[in-house]
Amino acid sequence: MTKLSVNINKIATIRNARGGNMPDVLKAAIDCELFGAQGITVHPRPDERHIRYSDVYEIRPMIHTEFNIEGNPEPKFIDLVLDVKPHQVTLVPDAHDVLTSNSGWDTKRHKDFLRDVIGTFKNAGIRTSVFIDPDVEMVKHAAETGTDRIELYTEAYAAHYFVDRIKAIAPYLEAAKAANAAGLGINAGHDLDLNNLWYLNRMIPGLLEVSIGHALISEALYMGLEKTIGLYLQQLR
Ligand code: PXP
């Protein structure tokens, strides 16, 4: 079964709006696991407007499934990851001023840099994943960085799902085939929700994990975290 990793950044965003500890990010992480999520994802950004670096340290010992830290591998981020030692680090080329991640790596252009950083993380026993667009060339170059996995950036799939899902999934199928041929594990994430998840999961061969934040936390406002996570897990079965 494809694993569900819940991205809890949005809970921190709500907490940060008032400066106190409501909602409690640590409790949310523990509860997501309790309700069946097979992983927790955090995405600390340099300005700490969502998850704070201190949250990452607090959450780490409480996670018994898979802890995934994603972000741009700047020196401060690299130090954090090496210190916290999550199960997986996902490298994302997000600029400081973007609202959310808005592109994958150019793995050809940044190959040497990625190879260096990935080597550092792998030497520390941390599995690596590289966030990329569904582009066969990018997959092939990603394989040469030594990464364990890729994370397919699913924004374009989600945006076109209701227009023409066969067309929307096509580049992801090609990218997934190239990844399978290169021996890379496949994760996926961004803009996945209760409508579009099942089809992606059914169509992508060897999909190991999805990380989902915005839609899942938003839906939980109506249905509660436990029911919402249960519905996502159903889509992945
Ligand atoms: N994967 C990556 C690399 C991301 O940056 C994000 C957003 O932080 C996600 C997955 C989750 O996206 P969403 O919040 O749209 O579910």
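Only the coordinates and a few stated rules stand behind these numbers; no lab work does. The shown structure was predicted, so the numbers you read here are calculated from the model rather than taken from an experiment. A quick note on method: Cβ atoms are made from the backbone with ideal geometry, for glycine too, and the neighbour counts reach across all protein chains shown.
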Net charge of neighbours whose Cβ lies under 14 Å from the Cβ of Asn195, counting Lys and Arg as +1 and Asp and Glu as -1: -1
Proximal charge balance of Arg149 [Cβ under 13 Å; K/R count +1, D/E count -1]: -2
- line: One point scatterer per Cα, no solvent, Debye formula: log10 I(q)/I(0) for region 144-193 at q = 0.18, 0.23, 0.24 Å⁻¹ comes out as -0.58, -0.83, -0.88
- prompt: Which order results if Val117, Val130, Val136 are arranged by neighbouring Cβ count within 10 Å, fewest first?
  reply: Val136, Val117, Val130
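For region 105-237, what is the charge dipole size about the Cα centre, in debye to the nearest 20, if Lys and Arg each add +1 at the Cβ and Asp and Glu each add -1 at the Cβ? Each step should come with its number before you reach the end.
Values: 14 positive and 17 negative charges, 72 e Å.
Approximately 340 debye in magnitude.
Show that you can apply the helix-only estimate: for the chain, add -39,500 (n - 2.57) for every DSSP H stretch of four or more residues, divide by all residues, and state [θ] at 222 nm to the nearest 500. Write down the numbers at each step before the final one.
Numbers: 11 runs with 108 residues, N = 237.
My calculation for the chain gives -13500 deg cm²/dmol from helical runs alone.
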- prompt: Could you give the dipole magnitude of the chain about its Cα centre, charging the beta-carbon of Lys and Arg +1 and that of Asp and Glu -1, in debye to the nearest 20?
  reply: 360
query: Which whole-Hz ³J(HN,Hα) couplings does region 141-152 yield from phi under the Karplus relation 6.51 cos²θ - 1.76 cosθ + 1.60, θ = phi - 60°, glycine and proline marked x?
result: 5, 4, 4, 7, 7, x, 5, 6, 9, 10, 10, 6
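Let's see if you can work this out: charge +1 on each Lys and Arg Cβ, -1 on each Asp and Glu Cβ, no other charges. What is the dipole magnitude of region 1-107 about its Cα centre, in debye to the nearest 20? Don't skip to the answer; put the middle values down first.
On the way: 11 positive and 15 negative charges, 61 e Å.
Using Cβ point charges on Lys, Arg, Asp and Glu, region 1-107 gives about 300 debye.
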- request: Report the extension gain between Ser103 and Leu34 in nm, rounded to one decimal, defined as 0.36 nm multiplied by the number of residues separating them, less their alpha carbon distance.
  value: 21.6 nm
Cβ crowding within 10 Å averaged over residues, with 33-43, 72-82 ranked highest first: 33-43, 72-82
- request: Could you work out, for the chain, what percent of all Cα-Cα pairs fall into each 5 Å distance bin, beginning at 0 Å and stopping at the bin that holds the largest distance?
  value: 1, 7, 15, 19, 21, 18, 12, 6, 1, 0
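Taking the Cβ of Met138 as the center, what net charge do the other residues with Cβ under 14 Å away carry, scoring Lys and Arg +1 and Asp and Glu -1?
On the way: positive: Lys108, Arg109, Lys111, Lys140, Arg149, Lys177; negative: Asp106, Asp133, Asp135, Glu137, Glu144, Glu151, Glu174.
After counting each charged neighbour, the total is -1.
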- prompt: In the Gaussian network model of the chain, springs joining C-alpha atoms below 10 Å, which of Tyr222, Tyr57, Tyr199 carries the largest mean-square fluctuation?
  reply: Tyr222
message: Taking 25 Å as R0, compute the FRET efficiency from the Cβ-Cβ separation of Lys27 and Asp164 and round it to 0.05.
response: 0.05
